[in-house]
Every structure is written in C-alpha cells, then in structure tokens.
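What follows draws every value from the coordinates through simple rules; no lab data is involved. Just so you know, these numbers come straight off a predicted model, no measurement behind them. As a convention, Cβ positions derive from the backbone with ideal geometry for all residues, glycine included, and neighbour counts pool all protein chains shown.
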Amino acid sequence: MLLIYCPYCEETRDEDEFSYQGEAHITRPLEPENLSDTEWGDYLFFRTNPRGLHHEMWQHTVGCRKYFNMTRHTVSYEILETYRIGEQATVAPASADSATAEGAC
Amino acid sequence: MQINRLPVGGRIERDKPVYFSFDGRTMLGYQGDTLASALLANGVRIVGRSFKYGRPRGIVAAGAEEPNAIVQLGQGASSVPNLRATQVEIYSGLQAYSVSGWPSVNVDLMAVTDWFARFMPPGFYYKTFMWPKRFWMSYEHLIRKAAGLGWAPDGKDPDVYDKMNQHCDVLVVGAGPAGIQAARSASRAGARVILADEQAEMGGSLLATTTELNGAPAYQWLEHALAELRSNERVTLLPRSTVFGYYDHNFLGIIERRSDHLGLTNATGARQRLHRVRAKQVVLASGAIERPIVFANNDVPGVMLASALGTYLNRYGVVPGKRLVLFTCNDGAYQTAVDWHKAGQQVVCIVDSRKDASGDAVAAATSLGIDVIKGHALIEAVGRARVKAVKIAPINADATAVIGGLRNIPCDVVASSGGWSPVVHLSSHSGAKPVWSEQVLGFVPGASAAVLSTGSSKGVFDLRACLQDGVQIGLEAVQAAGIAVDGIDLPACPDLVEPVAQVQQALFLAPHKKPTSRAPKQFVDYQLDVTAASIELAAREGYRSVEHTKRYTAMGFGTDQGKLGNINGLAILANALGQSIAETGTTVFRPSYTPSTYGAIAGRDVGELLDPVRCTAVHRWHEEHGAEWENVGQWKRPWYFPQPGEAMQDAVNRECLAVRNSVGILDASTLGKIDIQGPDAAEFITRVYTNSYLKLPPGKCRYGVMLHEDGMIFDDGVTACLGENHYLMFTTTGGAAGVLSWLELWQQTEWPELQVYFTSVTDHWSTATVTGPNARRVLEKLCTDIDFSRQAFEFMDWREGTVAGLKARVFRISFTGELSYEVNVPAHYGRYMWEQLIAAGEEFGITPYGTEAMHVLRAEKGFIIVGQDTDGSMTPQDMNMDWVVGKNKAFSFLGKRSLARSDTARANRKQLVGLKTHYPNTVIPEGSQIVNNPNEPIPMLMQGHVTSSYFSAALGHSIALAVVKGGLQRLGETVYCPQADGEMIKADIVSSVFYDPEGDRHNV
C-alpha cells in the first residue's frame, strides 16, 4: 500500500485515503467542435501506458478532496513527487531508458 | 508411548503432559511440543501420502518448510486446513488429521499410481485430465481428494479476528540471533521497534544449538537478551507472528496467532490478529532453510534434514530412530551427528561428498569414533514405509558421477544437508530480485534501497558473524529511520567457540549409477511429487524458462511453495540446460510466506460490519410497518410494504393503484443532494448538464442529464434554483458520490477560474414524495403558507413554507406521472413529518410505497433509471431524450462533441422503446435478448435486450422497456425474446410511454 504526500494537506497519508484518477496533464480541448473525430478520439480514449515514470492524477478522496498530480514509477511504485494541479512535474517524463527498467513479472 | 523421547533434555515441560489425537488416535506429548515433535516422539513415521504417486511420507523438516506433514485441525466450522505439523503447538484436546492419503495414510488406494508412474510424466494433468474437457470436473474432484488439499470448514467461522494498525521505526522480522541483536541495538538508540517471529518461543537457531555462549547454554544468553527487549517499552515483541507479506512503501502484514495454541475451549478474545505495519525501516532476519540433497528414494519416511534432526533432538528431546547415516557436502551438518552421538544414539557413518574433507568438524566427529566416509555420496535409500538402509558409492571430485561399487549400509534414520538457502521471500516481495551467490551457494536478497537484511537470510551462517552483523544492521536501520546513534551503548557479542568451517561443495542431486531418467525416483518437490527426472524431461521438451518449468512440472506449486525443493530444482534445470544457476534465475516469490487465514485478513469486517449501512430518518417507521428491504448502494430502502397475506406482486399492485387512484407516499431521502453556490454556479451547472441553467430563476427546477466526455449518460436528476447564485442538485441515490467527485474534478482541474462551491447535503434532508390525484389535498391540510393552486405553484416549481409546523422546501416534480410534491425538511424531523403526512392522508387512504412500486410507476411513464435502462453506452438520443440536449449553448458542455462522433450519431444504435407482449400476463425476464426471427438458426442476430419489465396493475397488462437497434424507427414491429427453456416470448415494439402519454395527470 502506497504512502502518498498530499501537496494540499502537506501530510503523508495512506493510500486508503486516495483514489486514482487516471493520467495527468490531459487538457480538454478548448474548441471541441473544431476537432475531427480522430483528434477528439485521441483526447477521449488514448492514454500512455509507460513502464517507468508516469504522471498521474489522484484525489485525496477522504481527506481534503483535492485533485493533485503524482510522478510514479510503474515498476517500483516509487513516488518521486506529488504536485498541485496547475504545476508542472520536476521529474522528467518516461524516457527510453526507464522503459527497460528492471522489474518483477 | 513416547518411544522416541529421550529421558532428559530439550525445552519441553515434562511435568505438563498434553493429550492430543492424530487421525483419531490419542497420544501423549508435552507442553512445548509441536505436533511434529510429539508425533515423532510417539514413533509416528507416516504422516501423509504423496500427491501423485501415493507414496508414504514422513516428517522431513522442523519449520515452515515442511512439505509432508500437512494437517487439518479440528472439525466443523472451526476446522483449519493445511497447517504444517512442525508449526502447530500441541494443546490438550487437539485433534489433528492428515489431509493426504485416501482413505487413510496407512492404506492408500492411490499408491497404485506409483506402479503406473512412468505413464505420468510432467504435464500429465494438462496432457490427460484436460481432455476430454467435460471430464475435468470429475477429475478435479478426485485429484483434490487424492492430493490432500484439506477440506473447507463446514460452517460460518465462529471465531473472532481483529486488526491493528502499527507504526514503528524499525521492524525486525525474525528473532534468531541476528534479529535479536538488531532489535537490541535499534532499541538502545531509542527507536520504536517491533520484533516479530513465527515461533512460539523467540530465539531461532539458538533454541536448538549446543553451542555455548559466554560459557553457558545459549538459552541463558537468549533469556538475558529477550529480557532487555521486554523491559523496553518502545519495543513490541510479537511471537507466534508470521510476517506474511512485504508490500509497497514498507507496509507489511503480520498475522499474530493469539489463541490457536490454547485450543478452542481455552481461547478468549481474538483468535488471530492482523498487524498492518508501516515501518520506517525494515530489517529482515528471516533466517535460512536447509536444503536436502536429492537422491533416489529420498522420500522414504526417516529421511530428514540434518538440522531438523538436530532440532528434534536438542529442543524436544526426540530421536526419531537409533542408527543414523548423515549425508553432507558441508561442515555445518556434522554437529547433528555429534549431538546424536552424545545423546547415546548410534551414528553409523557420515557420508561426505568432499574427498578432501578435513576441517575442525571432521576432526570433532572422528575424535568421537564416528566413521566419516569421504568422497562418497548416498545415492539411494532402501525401504518403503520406513528407511532400512542406504546405498553409498564413491563419486568423482565434482560429485557428478559414481566411480565405484555400491555399499549397502543398514540404518533407520537418514539426515542430509546440501547447505542452506537464505529466506529471501520477503525481500523478493518488496521488489528486490534475489541474486545467486556462488559463495553462499544460494540466492541472497537483491540490492534494495529500502530493505536491510542480516544473518543467515543474507547468507551469513557463522553464529558469531550473525550476532555481530545483527548489531551493525540494527544500527544502520535506526540511522536510516532518521534517529541519531551517537554515543549509544551497543550490545556486546557473547563469547563462543566456533569451528572454522571448510568450504562446502555445491551438491544438489547426488549422482546415481543409472541415469536420472532410469534411477529410482529422486524427489525434488515432495509435496507435488516432482522428480529430478521430470525436470530434466521438461528441459528436453523445451522448457527453458524457470517460470515455465515451474508451471509445467508443478514444482513449487504446493502449499509449501517449494521452500524445500525449489533451489534443488533450479540447479537441476540449470544443469540440464547447460547453464549456471545465476543464468537460470529463480521464480518470483509472492505473499503469503505461509498460508494465511482469511478470517485474520477480514478481521471484524464481516457480517453487519462488512459494509456501512445507511438508513434514513424514517427507517424505524418502515421497519415497524413491515417493509421488505432493497439495498441501494449502502442504503436500505423499503422495497414494498406487504400487508398480512400479501405476496410481493399483490403489495406492489396495491401500492401502484393507490398512487394512480388517490395518493401514495415514498421515502425519497436517499436521493443525492449537492448544494452548489457561487457567482459562477449557473455557468458551471450548464457546462456539466446537457441543458442550460443560465436562465433558471429562483423558485424553479429543471431536469438534466449528465454525460461523461464520451457522450454517455452517467447520472440524471433535478436541479433547483434556491436563490441568486445558489442551487440544489439532486442526483441518483447510487450516483451521489461519483457526481460530487465529477463536479470537483472539472472545477479544480479545468475551470478553476469559475467561482463555485459544492457541499454534499444528502444526509441533511429528509424527503417525502407525496404523489397521486389527492396529493394536493394532503399538503393543503398541513401547510397554509404555500398556495398549492395549479397557477400559483406550477409543475417544476419549488416553494419554501411551513409543513406540519416545520420549515420545509416543497418541490413540485414528478417521477410517477401524477401530481407530486417532494417535501424536504431537516433530517432529524424526518419521521415526524412522515407521520404527519400519513395522518393527514389517512382520509384519502394514503399508502406508503417502496422502490418496486416506484419502478413500476416510472416505467409506465417511460422514465429511465440510470444504470438500469442505461449501461454506460447510452446517449440521450439513444434514450429518446434529445429534448434534454441544449442545442444553442455557448459552451461545449461535457460530452457534447461525442454526440456527433460517427459511432454515436449512426442510425441503428440501440434505442429505448416499449415492448408489449401478446399475452398480457407474461412479464418478460429483464435482461432477455431480442431477436427478429424466432426460427433463425443459432447464433441468432441479437437486436437488443430488455432493461425493465413489470406487471402494470393500472394498465392490466405487462410492460417492458428495452433497447433495440434502430428501435425508434420500428414501432409496431413484432420481435421475440428467446428464453433459456426454449420459450419464445412474442412482443410488439411500442412507445416507451405506456401511461398518460399526453402528461395530463401531473398537470392538474
């Protein structure tokens, strides 16, 4: 079970208090009507699935109820940072190297 | 008769006799015995039958690794399957049963399979039992019975279990010499320490050693060290506690067996407790497991691990035989022979695979007159129900071939030692891959930032080194936990004399004169009867990956998870593949380390405490009036209110007719309610609903449908404008939490510039729906400050007023199609309001109705229920609700763009229609599939399915809602609903609005 630092509460709490909310930094297009079906479909359905560093969104569901972002390693489950909505990650996104990170199968 | 019990010695309490039974036979043991030591003391040789061949099996080990002595304790609901007799403490009245062997361990019909063994190669189960497929069920039944997998308790578990959350600076797993030292040095630095050990008594190897510490028996030092820990209030000692899993971020699960050793009658409180520990730092001191050497017929009862034999002798005063042959490739095992000799038993010989064995250990044995036969291997055991002799032969220097004639040596107990395998299970759970060490001849914990290992669990086998390493690692652990260690008084290491160990030889499989495939069976995994030959065969058949070989041969699949045999199996596989063990690698270890009781994991979260129950303020009234309940999420809602003698359908018919003909009352308090405020509230609500709320004035309500971005309906409900910048949003009962998160998501992530605030007020209000032609008359009796006239209080208006003396909000909205008022008062007045409404409605025959009648009434009107008529793949257009979608909204509301996607906009999507059967009393089962042609060959083309279906008392016939491909263009056509029993229910596609299609009834 993960230990998660809520960047709003500024406390480290148990995973039980949080819920996963999918990939972070998916921006809603400003003018959906001007997009083709393919472009809109990309926004709707396509997500990265990296083996390595992943930016994802969580909600402190039974805490402050704030959504925030997290950079997490999907193999080791190490959490490198959590940061508020509107802020950018300071740890670089998944590179080709991290895609071959060792891990259990 | 404890024929194998020595007159003195061991840590048992001889003045406390304990009577227990095994397979119905009563025996005597002593307090402090395990079931295994007591069985051996009583001369019990056979404790089970093997999985595949039905061969008799005896106790091999003394700890968690025991593969054969798997027992079931007790009978009935408290029965526990799959316990290792080596880990069960005996208590008075204990009843144990062997789980394998059918019909009994001594007469085993399965033994016949041993004769046909050559027809049962690895993969046998895949190759044979899976075909023909329909026989698998009966095979499986037989296999379970034959394999000894125990049986499930036959009732609800009567025992109590609980859970505890724990935090500590340092968790030390294993209270052997290294673990105790680590706990001591960590605790001396002031750390909060938990020390957990799976045994009843802490001390690990010190409990069975004859090595003296500080010139005295080891237990004296042990008692002193444990006393120090006990006296420190920052240290928690958890004996009888198995750390079964190491999860993310230093979260570990420990199951403490609090009363299993007392028996059911003496137990009080929780039987087992799950400790959920979050540790700042973990020290693994989980020890090592001795490896047997694989040789022919090595499963004959009486063949044991050298260390286990030493443990039974030194700790329990039990000698399961008289004449010992010890087979080893290392110095460590010599001590067992020396102890055996000193206990007055005969050591026939020590067979050492090393031609040059000449160290301190050899000298010590030789000085006692023990015959040490070097450069030899024990290649085969003789005997069936018990070992009678062994065959030994000279071998070459690298122990791969027999190079001389055989000698037959009579004996009645055999001990073997192939070295020690560190217990890397927990380290492996934590994500660190075990690494093969040529020096240790075992896998050691892989490098990990978070985990420290000490003692034999990392391959340090000398006692002195373990005691020293523990101190050092304990110190590192507290530092890693952020605690200063300056000037602490480190625990001293006791003086001891330890022989210098000569280097051990890598020996996993003893060579035989015949090739492995032709030699008598050489067992690698006792529990699943996996032999060296079957692993070699797997390699020849192309199984190169260790994970594949594991699955093909079933090696390590038993309840012991291959603790004893896996390393030997890997070595044999590596040899067969012509590669190193390091290249071959190991399989992944997963929790649990030993089997865990589900009861402990569930704890108190069972029965009524499994999930919270939510009740409305009117709950007791419903209960008093005989409500049957429907669970809606966590809510208890009245389903219907049967009167004496009424069946469900009778009650529902009566409730529905009361609403249609006079007046009914429904407890609608469970509907989700979200209070929304802020200058941008209307803009926000307009973005998340399909229609617009920008021009909704105070006093008015509007129904909306909420879509996910993919255009699919996920909630619906009415939103009322309470005042300037103030709204109340009703959600479905089940969708309330999800809707709140959804609103917060968009406000926080995409539109933080919108000033809007959400508060869940579901529990703050009690809601009674008064509905039916007489609803107005009922309300008028209780409320004088609201004008209920049609003109003054229109459909989709709401008013604030005083109802039965209570401040109330009254919403004129309708889910029945009748004149309806939803009266909301603060929750605590709920029951009072309800009783006042019932009293006021008495003259009109006001009838409480439940969710079933509510469903029928709304289906008569074609109103959808999200989650019943929709399933996450339905758009508003699919539900024939295009009217609810705003076409001219400035902002592209959530889901709007998706409604124009090619797939969402196509013509033949499944659309909501009504179905009317040709036989008025036939109610089509919900979920029925719909086809066009009843005579179509199978597979028929499915046209859709039935989503809601009821008998309508008001209409006098059954009604159904269904989604049918292109259904809105097919009104009047006939379709069929094929049933499992072959019946074809014929129905016409009709409008989904069955009752009062013009909507005159609510507009009065």
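Against the main long axis of the alpha-carbon atoms of chain B, helix B:736-749 sits at an angle near 90°.
Ordered by the count of other Cβ atoms within 10 Å of each Cβ, fewest first, B:Ser448, B:Ser902, B:Ser534 give B:Ser902, B:Ser448, B:Ser534. Any chance you could give the angle, 0 to 90 degrees and rounded to 10, that helix B:851-860 forms with the longest Cα principal axis of chain B? The two axes meet at around 50 degrees.
Taking the Cα centre of each part, how many Å lie between region B:356-383 and region B:314-346? So the two Cα centres are separated by 12 Å. Counting only Cβ charges, +1 for Lys and Arg and -1 for Asp and Glu, the dipole size of region A:3-98 around its Cα centre is about 100 debye.
Taking a ≥ b ≥ c as the square roots of the eigenvalues of the Cα gyration tensor, region B:507-579 is oblate, since a/c reaches 1.5 or more and a/b is not larger than b/c. Taking the DSSP bridge list for the protein assembly as shown and keeping only pairs wholly inside it, about 75 percent are antiparallel. Region B:953-980 and region B:11-48 have Cα centres spaced 71 Å apart. For region B:667-857, the dipole from Cβ point charges (+1 on Lys and Arg, -1 on Asp and Glu) about the Cα centre works out to 540 debye, to the nearest 20. In chain B, helices alone account for a calculated mean residue ellipticity at 222 nm of -6000 deg cm²/dmol, with every DSSP H run of four or more residues adding -39,500 (n - 2.57). DSSP loop (so not H, G, I, E, B), at most 12 other Cβ within 10 Å: list which trypsin sites (Lys or Arg not before Pro) in region B:906-950 pass both filters. In loop regions of region B:906-950 (DSSP not H, G, I, E or B), the sparsely surrounded trypsin sites (Lys or Arg not before Pro) are B:Arg906.
Taking packing as the residue-averaged number of other Cβ atoms within 10 angstrom, the listed peptides B:982-992, B:659-669 run from highest to lowest as B:659-669, B:982-992. When the square roots of the Cα gyration tensor eigenvalues are ordered a ≥ b ≥ c, the ratio a/c for chain B is 1.5 or more and a/b exceeds b/c, which makes its shape prolate. With contributions of -39500 (n - 2.57) from each DSSP H run of at least four residues, the per-residue ellipticity at 222 nm computed over chain A stands at -2500 deg cm²/dmol. Legend: residue pairs B:Lys433/B:Lys458; B:Lys322/B:Lys374; B:Lys695/B:Lys887; B:Lys889/B:Lys910; B:Lys355/B:Lys458, Cα-Cα distance threshold 18 Å; pairs beyond threshold, B:Lys322/B:Lys374; B:Lys889/B:Lys910; B:Lys355/B:Lys458.
Of the trypsin sites (Lys or Arg not before Pro) found in region B:585-625, those in coil by DSSP whose Cβ has at most 14 other Cβ atoms within 10 Å are B:Arg604.
Along the axis of the charge dipole computed for chain B (Cβ charges of +1 for Lys and Arg, -1 for Asp and Glu, origin at the Cα centre), the listed residues B:Trp151, B:Pro177, B:Ile403 are led at the positive end by B:Ile403. Determine the shape class of region B:904-1004: with a ≥ b ≥ c the square roots of the Cα gyration tensor eigenvalues, call it rounded for a/c under 1.5, and otherwise prolate if a/b is greater than b/c, oblate otherwise. Because a/c hits 1.5 or more and a/b fails to exceed b/c, region B:904-1004 counts as oblate. What's the local net charge at B:Val71, with K and R +1, D and E -1, over the other residues with C-beta under 12 Å away? Net of charged neighbours comes to -1. Per residue, the convex hull spanned by the Cα atoms of region B:468-590 amounts to 189 cubic angstrom.
Listed by Cβ neighbour count within 10 Å, with the fewest neighbours leading, B:Ile786, B:Ile567 appear as B:Ile786, B:Ile567.
Mean sequence separation of contacting Cα pairs (under 8 Å, at least six apart), scaled by the length of region A:3-98, corresponds to a relative contact order of 27 percent.
Computed about the Cα centre, the dipole magnitude for the protein assembly as shown is approximately 3500 debye when only Lys and Arg (+1) and Asp and Glu (-1) carry charge, each at its Cβ.
Shielding by partners for peptide B:247-255, expressed as the average number of C-beta atoms from other protein chains within 10 Å of each residue's C-beta, is 3. Restricting the GluC sites (Glu not before Pro) of region B:660-762 to loop positions (DSSP other than H, G, I, E, B) with no more than 10 neighbouring Cβ atoms within 10 Å leaves B:Glu753. Summary of the geometry: region B:673-746 and region B:219-273, compared by the centres of their Cα atoms, lie 53 Å apart. Only beta bridges with both residues in chain B are counted; by DSSP, about 75 percent of them are antiparallel. A protection proxy built from the mean count of other Cβ atoms within 10 Å ranks the segments B:252-261, B:16-25, most packed first, as B:252-261, B:16-25. Exposure proxy shown here: for B:Thr268, B:Thr553, B:Thr211, B:Thr974, the number of other Cβ atoms within 10 Å sets the order, fewest to most, as B:Thr268, B:Thr974, B:Thr211, B:Thr553.
Placing unit charges on the Cβ atoms of the charged side chains and taking the dipole of the protein assembly as shown about its Cα centre, the candidate lying farthest along the positive direction among B:Ala481, B:Ile930, B:Thr553 is B:Thr553. Among the residues of A:54-67, the average count of other protein chain beta-carbon atoms within 10 Å of the residue beta-carbon is 2.
Here chain A is scanned for trypsin sites (Lys or Arg not before Pro) in DSSP loops (not H, G, I, E, B) that have at most 15 other Cβ atoms within 10 Å, and the longest stretch holding none of them is A:1-46. Remark: mean inter-chain Cβ contacts per residue of A:23-34 equal 3, using a 10 Å Cβ-Cβ cutoff to other protein chain atoms. Since only B:His275, B:Tyr161, B:Ser37 are under comparison, the one whose Cα sits farthest along the positive direction of the charge dipole of the protein assembly as shown, derived from C-beta charges on Lys, Arg, Asp and Glu, is B:Ser37. Calculate how steeply helix B:306-316 sits against the longest principal axis of the alpha-carbon atoms of chain B, using the helix alpha-carbon long axis, and give the answer as 0 to 90 degrees to the nearest 10. Once rounded, the angle reads 90 degrees.
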